[in-house]
2 protein chains.
Amino acid sequence: MMVSGSVGKTSSSTTLVECVPNFSEGTRPEVMDAIQAAAASVRGAAVLDRHADAVHNRMVLTIAGPPGPVAEAAFRATACAAKLIDLEAHRGVHPRIGATDVVPFVPLGATSMQLCVELAVRVGRRIAAELDLPVYLYGEAARRPERRRLPELRRGEYERLRSHLAVEPSLAPDFGPQRVGSAGATAVGARLPLVAYNVTLATADLSIARAVARGIRESIGGLPAVQARGFRTADPQVVQVSMNLLDTARTPMTLVFERIRQEAGRYGVQVLESELVGMAPAQALVDVAREALRFGRLDADAILETRLLQHTLGSVADDERA
Amino acid sequence: MMVSGSVGKTSSSTTLVECVPNFSEGTRPEVMDAIQAAAASVRGAAVLDRHADAVHNRMVLTIAGPPGPVAEAAFRATACAAKLIDLEAHRGVHPRIGATDVVPFVPLGATSMQLCVELAVRVGRRIAAELDLPVYLYGEAARRPERRRLPELRRGEYERLRSHLAVEPSLAPDFGPQRVGSAGATAVGARLPLVAYNVTLATADLSIARAVARGIRESIGGLPAVQARGFRTADPQVVQVSMNLLDTARTPMTLVFERIRQEAGRYGVQVLESELVGMAPAQALVDVAREALRFGRLDADAILETRLLQHTLGSVADDERA
């Protein structure tokens with residue numbers, strides 16, 4: 001019965017990308033501040049979020065804007081991290097291969113994946129050439145099938161690269177030297193928007209979080225496009241299932257939450273709460289609301305702020321062309 | 001254990017308002033197009049959405065932008081509707097007092113309610129002066145307590161104004177003439193963001209939708225900040241509970257949905273689906289996701305598009321000052 005339509009959009013769409021670099025530093029504020037400041041020093045690149053975790057000993061920045069400024073911001077942050085982080089001294093529960101561990105470029109809105117693959121290649125070459133670091137292309141930018149997925153690429157972590165990179169041909173980087181220094185190596189790639197999502201379980205037993213993670217992750221026949229691991233947290237009374245949801249259109253957050261609740265229930269363990277690490281694209285949360293209240297249809301355009309963003313970016317682009 | 005922070009925002013915040021005028025025309029495309037075009041003719045005012053309903057015989061536009069352009073767009077649309085809509089010929093199931101029935105101004109982001117009250121007074125005076133229409137100030141802009149709420153203001157609708165406006169002092173408008181013509185009267189006001197939310201029930205019995213609506217609406221002791229009515233739909237097999245949620249921070253959508261499910265269950269009736277009319281502010285849908293997946297905390301800033309909008313509007317404002 002209802003007829004609703006989006007109107008008044010400008011015909012132009014602004015090319016926007018996101019970059020979510022991960023750095024192997026989650027405790028020293030002055031190091032984290034310096035890396036963030038390096039990224040924020042580029043006009044046109046918006047550092048939208050910073051998330052640090054002392055147990056993971058890791059920091060994640062979220063940068064967004066037009067491709068050129070975002071690529072420059074990612075490079076400057078990587079250069080800063082290479083100077084300030086020593087992998088020989090780094091300990092944390094999250095696997096990592098370098099000071100700047102991963103640099104993913106992500107298409108936003110109507111931007112193509114191909115553009116993000118090209119950005120990854122360009123920035124990867126530059127990191128290798130100017131910072132003399134080994135660079136592995138991953139995700140949609142991977143040039144070898146075994147490098148598409150980070151868990152495989154990171155197997156053995158920095159320590160394996162240190163001992164085997166010079167002698168093991170399968171470890172040869174896509175760009176840069178066949179050796180690592182104290183800044184390690186960097187994986188540069190392109191991917192869909194990712195939702196970093198944790199669910200806390202009411203148990204101190206890490207083996208249960210690990211068993212639940214095994215029960216849901218894609219690699220052994222669980223949910224599609226879900227990477228999951230069990231972790232301790234700073235609170236010794238609880239453990240976490242920590243996930244990357246690689247395609248929430250295929251596997252929505254609600255399905256993941258329900259599956260974890262079932263799996264944990266098999267061990268008599270309750271789910272305590274959910275936690276989002278960084279930000280999620282509007283659609284991922286709208287999908288949760290749609291499922292919860294049984295909306296017949298509901299998309300990100302139902303959010304006023306999303307619609308206004310499209311209109312505002314379109315108007316800015318029109319003005320710049322005028 | 002997690003430490004996350006929003007960063008890189010500009011210190012400035014852009015003043016933005018929304019205006020959601022309702023027009024008494026939901027069937028003739030040429031009339032709806034003309035009204036929409038009048039609103040869209042103002043540079044800087046973004047017509048983000050148009051929602052029309054043939055059974056209500058009503059159209060809702062969502063306009064957003066800086067206060068000046070949005071006020072001008074609302075005035076032009078009102079002027080156009082006054083020319084093209086004849087209340088003597090208008091039939092629809094939704095109560096209405098005029099061709100342009102209501103013109104609410106809504107603060108977005110950091111904009112104050114006071115600014116929206118001032119806009120309502122300014123636009124209301126202009127509609128009265130230039131279009132010679134009776135104007136009632138409502139919501140936060142109301143000058144009489146009995147005019148704060150639309151259901152009271154609209155009691156008896158256009159037909160009551162036609163028969164009693166000239167003789168009944170309590171009906172005297174805040175601005176404009178003490179008589180109505182074929183364009184009726186207009187309520188101009190200010191309010192919080194409103195979520196227009198419908199829930200469809202699996203029954204043809206209108207009395208059940210009405211009973212459920214009575215069970216939840218605030219005016220008789222139900223949920224705070226909820227206006228609800230039962231309606232038929234274009235599908236004779238189902239009925240709807242049609243609501244305005246006036247403050248989803250006080251009464252979240254999830255609570256409303258659950259209460260409707262309970263009330264309908266008392267009549268042995270199932271809830272079929274939810275429907276959003278127009279758009280919702282990000283926070284209202286984020287609240288649903290938070291409840292569904294038990295997020296410890298989750299706010300609209302968790303949405304990437306919301307964060308980028310703030311940053312983009314801030315940058316535009318900075319550029320304009322530079």
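Some notes on this structure:
- Here the accessible area of the protein assembly as shown is 49 percent carbon and sulfur, with a 1.4 angstrom probe and all protein chains present.
- Ranked by how many other beta carbons lie within 10 Å on average, peptides A:159-171, B:149-161 from highest: B:149-161, A:159-171
- Here the average projected area of the convex hull drawn through the C-alpha atoms of the range A:22-136 stands at 6.8 nm².
- Whole-Hz ³J(HN,Hα) from phi, Karplus 6.51 cos²θ - 1.76 cosθ + 1.60, for the range A:174-190, glycine and proline x: 6, 9, x, x, 8, 7, 10, x, 5, 8, x, 10, 9, 9, 10, x, 9
- Volume per residue of the C-alpha convex hull in the range A:120-214, rounded to whole Å³: 134 Å³
- Our analysis of chain A gives Rg over Rh at 0.98, with the two radii drawn from alpha carbon positions and Rh computed by the Kirkwood formula.
- Helical content of chain B, expressed as a calculated mean residue ellipticity at 222 nm, amounts to -11000 deg cm²/dmol (DSSP H runs of 4 or more residues, -39,500 (n - 2.57) each, divided by residue number, nearest 500).
- Kirkwood estimate for the protein assembly as shown, i.e. one over the average of 1/r between Cα atoms, Å: 26.8 Å
- Dimensionless Rg/Rh of the range A:178-285 - Kirkwood Rh, Rg from C-alpha atoms: 1.03
- Residue by residue along A:249-256, Cβ atoms of other protein chains within 10 Å of the local Cβ number 1 on average.
- Label 7 Å beyond Cα on the Cβ vector: B:Gln237 copy-to-copy distances, nm: 5.1
- Between copies, the label points of B:Arg149, set 7 Å from Cα on the Cα→Cβ line, lie 5.8 nm apart, reported in increasing order to one decimal in nanometres.
- Paramagnetic label zone (point 7 Å from Cα along Cα-to-C-beta, A:Ser170; backbone N under 19 Å) in the range A:213-236: A:219-220
- Distances in nm from A:Glu30 to the matching label points in the other copies, shortest first (labels 7 Å along Cα to Cβ): 7.5
- Placing dummy labels 7 Å off each Cα toward the beta-carbon, the span from B:Arg160 to B:Asp132 is 2.7 nm.
- The Rg/Rh ratio of the range A:98-160, with Rg taken over Cα atoms and Rh as the Kirkwood radius over Cα pairs, comes to 0.98.
- Dividing the Cα radius of gyration of the range A:176-219 by 2.2 N^0.38 Å, with N the residue count, gives 1.83.
- Chain pair A, B: total accessible area buried, heavy atoms, 1.4 Å probe, Å²: 5900 Å²
- Surface accessible to a 1.4 Å probe, per residue, for the residues of chain A, Å²: 40 Å²
- Label point at A:Met113 placed 7 Å out along Cα→Cβ; residues across the range A:216-235 whose backbone nitrogen lies under 20 Å: A:218-219, A:223-228
- Note on A:269-282: average number of Cβ atoms from other chains within 10 Å of each residue's Cβ is 5.
The values are calculated or read from the model by the stated rules, or taken from the named source; none is laboratory data. Because the structure is a prediction, the values reported are computed rather than measured. Quick reminder, even Gly has a Cβ in these numbers, built from the backbone with ideal geometry, and neighbours come from all protein chains shown. These accessible areas exclude ligands, DNA and RNA; they are computed on the full protein's heavy atoms, side chains included. Shrake-Rupley method; radii C 1.70, N 1.55, O 1.52, S 1.80 Å.
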